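The values are calculated or read from the model by the stated rules, or taken from the named source; none is laboratory data. Owing to the predicted nature of the structure, the values given are computational and were not obtained by experimental measurement. Please note: Cβ atoms are built from the backbone with ideal geometry, for glycine as well, and neighbour counts cover all protein chains shown. Note: accessible area is taken over every heavy atom of the protein model, side chains too, but ligands, DNA and RNA are not part of it. Shrake-Rupley method; radii C 1.70, N 1.55, O 1.52, S 1.80 Å.
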Amino acid sequence: MIKFFLMVNKQGQTRLSRYYEHVEINKRTMLEAEVIKNCLSRSKDQCSFIEYKDFKLVYRQYAALFIVVGINETENEMAVYELIHNFVEVLDKYFSRV
């Protein structure tokens, strides 16, 4: 199950966040800061799956934009990785030049 969906730029600013489980506002900011720090600190050669606390992070980078999805441990990482790509393709078709 997807827990949250984040779109973040290279400077670490959250551009979009969507939570599918209730998380208090002050915990959201701390969670986002830690997740962003973990994803931005990794090189392009490293795997796009990270085990973080009690869930997994799946992220993908498109130019200056990172898309990060938090999932539970039973979810398929490759399916979510492909979901991110399909989401970006839909945005590109809808808005053109995303």
Based solely on its DSSP helices, what 222 nm [θ] is calculated for the chain when runs of n ≥ 4 H residues each add -39,500 (n - 2.57) and the sum is averaged over all residues, nearest 500 deg cm²/dmol? -12000 deg cm²/dmol
With each label point set 7 Å from Cα along the Cα-Cβ vector, what nm distance links Leu91 and Glu77? 2.2 nm
Average accessible surface area per residue within the chain, 1.4 Å rolling probe, Å²: 67 Å²
Determine the share of the chain's accessible area contributed by carbon and sulfur atoms, expressed in whole percent, with a 1.4 angstrom probe. 53 percent
Normalised per residue, the volume inside the convex hull of the alpha-carbon atoms of the chain in Å³ amounts to 104 Å³
Taking Cα atoms, how many degrees apart are the long axis of helix 25-40 and the longest axis of the chain, rounded to 10 and kept between 0 and 90? 60 degrees
Residues of the stretch 68-91 with amide N under 19 Å of a point placed 7 Å along Cα→Cβ from Glu34: 68-74
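Given contacts defined as C-alpha pairs under 8 Å and at least six residues apart, what's the relative contact order of the stretch 2-95, whole-number percent?
Working: 115 pairs, mean separation 28.1, N = 94.
30 percent.
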Rounded to the nearest 20 debye, dipole of the chain from Cβ charges on Lys, Arg, Asp, Glu: 440 debye
